[in-house]
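The values are calculated or read from the model by the stated rules, or taken from the named source; none is laboratory data. Everything numeric in this text was worked out from a predicted model, so none of it was measured. Because the Cβ atoms are built from the backbone with ideal geometry, glycine has one as well, and the counts that use them run over all protein chains shown. These area figures cover heavy atoms from the full protein model, side chains too; ligands, DNA and RNA do not enter into them. Shrake-Rupley method; radii C 1.70, N 1.55, O 1.52, S 1.80 Å.
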Amino acid sequence: MNASELTEEQASIVEAVGAFAAEHLAPHAVEWDHTKHFPVDVLRKAADLGLAGIYVREDDGGSALTRRDGVVAFEALATGCPSIAAYLSIHNMVAWMVDRYGDAAQRAGWLPGLCSAEHLGSYCLTEPGAGSDAAAIATRAVRDGDHWVLDGVKQFISGAGAAQIYLVMARTGGSGASGLSAFIVDRDDPGVSFGPNEKKMGWNAQPTRQVVLDGVRLPADRLLGDEGEGFRIAMSGLNGGRIGIAACSLGGAQEALERATRYLADREAFGTRLLHAQALQFRLADMATELEAARALLWRAAGALDRGDPRAPQLCAMAKRYATDTGFEVANQALQLHGGYGYLAEYGIEKIVRDLRVHQILEGTNEIMRVIVARGLTGAA
């Protein structure tokens, strides 16, 4: 990350968050991955730096930072552990949505706990039969007097079980996007339960479970925004979520590149240091170039989101697709440059590769990112 392109405040963010990642995440990342430990205590320490309410207004307990500030923070955090940084990106997406679309009572009731990470948040859109086609959601919310009753199952929910607050998209009307609404569900609401922790390729330091809603009866004030506004709320949240995940990919890949460079400097083969081999220097140069290109696109997308640019959804999709593809490829190349040692868990490279792989799938698959970009080009959006 080129410090000369950062504002003074952003440079301070990178320094503070990078130091936090080096002290509190990096030394434990491999162990947390192996033991599937979700370090809630560390998340609360991150909240002390303002990292649990990055985009939330100060009046509501947040840090009131820009999206551009946020992506540099998440990149720095992911150098310590992409899995934990990515969960915090999702948590911040939930907090921002409550702040952006909630009324005064909802903001006062839910945001202090989210911004302090006393209460963790989860985003509940995907279902067993509705992934990329979010408008096909089957979870239903039926009005019953002064309450809503929710029934359905949400799939692949990050933080599920440990999180206290669930932002749930449910169908209150007819088919399609216009029939969806958003609800705030508490873990302690009767009828909420969770599936087993999924066995995953990566992201093992955070739980992923089904969220089961069986006749969950919510007071009417748990509706976030207006009835029928859920799809718009969900998609606006994902614009920020996508650049957050993109930033986490860059942070993980940057760490992998730096480890590979150090390894080549220390390792000798055929009587010379590997770092002196021009072919390997060229590979490092390509890796660094691709990361810089991805970072430039990401920063542009973040700036567009801050400005309210009409092209922001397309730019966020571009940045998410390019940065997550690039991040995975750079981390994978870093593993290759380590040779057999890259395949060993103790070096931490294979964990980064496994963690970054899912970034190409979640927050909208990279195929769906291409659909969003193409619709913007063809006028079908």
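Descriptive notes on the structure:
- Condition check for Ile84: within 24 Å of Phe38 (Cα to Cα) and either among the polar types (S, T, N, Q) or in contact with an Asp or Glu (Cβ under 9 Å, 6 or more places away or on another chain) (or both): no
Residues are listed down the side, and each one gets a yes or a no for (1) out of contact with any Asp or Glu (no Cβ under 9 Å at 6 or more places or on another chain); (2) surrounded by fewer than 23 Cβ atoms within 10 Å (Cβ to Cβ):
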| site | (1), (2) |
| --- | --- |
| Ala160 | yes, no |
| Leu167 | yes, no |
| Thr172 | no, yes |
| Val185 | yes, no |
| Asp188 | yes, yes |
| Val192 | no, yes |
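- Check on Glu346, touching a residue at least 24 places away in the same chain (Cβ under 8 Å), closer than 25 Å to Arg273 by Cα and charged (D, E, K, R): yes
Yes or no, residue by residue, for (1) touching a residue at least 12 places away in the same chain (Cβ under 8 Å); (2) open to solvent by less than 20 Å² (accessible area, probe 1.4 Å); (3) more than 25 Å from Gly237 (Cα to Cα):
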{"site": "Met1", "(1), (2), (3)": "yes, no, yes"}
{"site": "Leu25", "(1), (2), (3)": "yes, yes, yes"}
{"site": "Asp33", "(1), (2), (3)": "yes, yes, yes"}
{"site": "Phe38", "(1), (2), (3)": "yes, no, no"}
{"site": "Ala47", "(1), (2), (3)": "yes, yes, no"}
{"site": "Leu51", "(1), (2), (3)": "yes, yes, no"}
{"site": "Arg57", "(1), (2), (3)": "yes, no, no"}
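- Residue in the stretch 211-221 that is of a type in the set (Lys, Arg) and either in contact with a Ser or Thr (Cβ under 6 Å, 6 or more places away or on another chain) or part of a strand (DSSP E or B) (or both) present: yes
- Of all residues making up the stretch 194-206, the number that are surrounded by 15 or more Cβ atoms within 10 Å (Cβ to Cβ) and either outside any strand (DSSP E or B) or touching a Phe, Trp or Tyr at 6+ places or on another chain (Cβ under 7 Å) (or both): 9
- Options Ala288, Ala301: the member that is modelled with pLDDT of 95 or more, touching a Cys at 6+ places or on another chain (Cβ under 6 Å) and more than 23 Å from Asp33 (Cβ to Cβ): Ala301
- Residue match in the stretch 24-38 (condition: over 23 Å from Ala288 (Cα atoms), among the basic types (Lys, Arg) and in contact with a helix residue (DSSP H, G or I) (Cβ under 9 Å, 6 or more places away or on another chain)): no
- Under the condition of being buried (at least 17 other Cβ atoms within 10 Å of the Cβ), of a type outside the set (Val, Ile, Thr) and closer than 20 Å to Asp188 by Cα, the residues counted in the stretch 109-150 number 16.
- Filter result for Ala317 (assigned to a helix (DSSP H, G or I), in contact (Cβ under 8 Å) with a residue 24 or more places away in the chain and of a type in the set (Gly, Ala, Ser)): yes
- Cβ pairs under 6 Å, 6+ apart, first in the stretch 151-166 and more than 17 Å from Pro128 (Cβ to Cβ), second open to solvent by 20 Å² or more (accessible area, probe 1.4 Å) and modelled with pLDDT of 95 or more: Gly161/Phe194; Gly161/Arg209; Ala162/Phe38; Gln164/His119; Gln164/Arg187; Ile165/His119
- Boolean, Ala293 is part of a helix (DSSP H, G or I) and over 28 Å from Leu238 (Cβ atoms): no
- If the condition is being in contact with a His (Cβ under 8 Å, 6 or more places away or on another chain) and open to solvent by 30 Å² or more (accessible area, probe 1.4 Å), then the stretch 218-258 contributes Pro219, Ala220.
- Of all residues in the stretch 259-280 being within 34 Å of the chain's Cα centre (by Cα) and basic (Lys, Arg), the one that is surrounded by the most Cβ atoms within 10 Å (Cβ to Cβ): Arg259
- Residue match in the stretch 98-110 (condition: of a type in the set (S, T, N, Q) and within 18 Å of the chain's Cα centre (by Cα)): no
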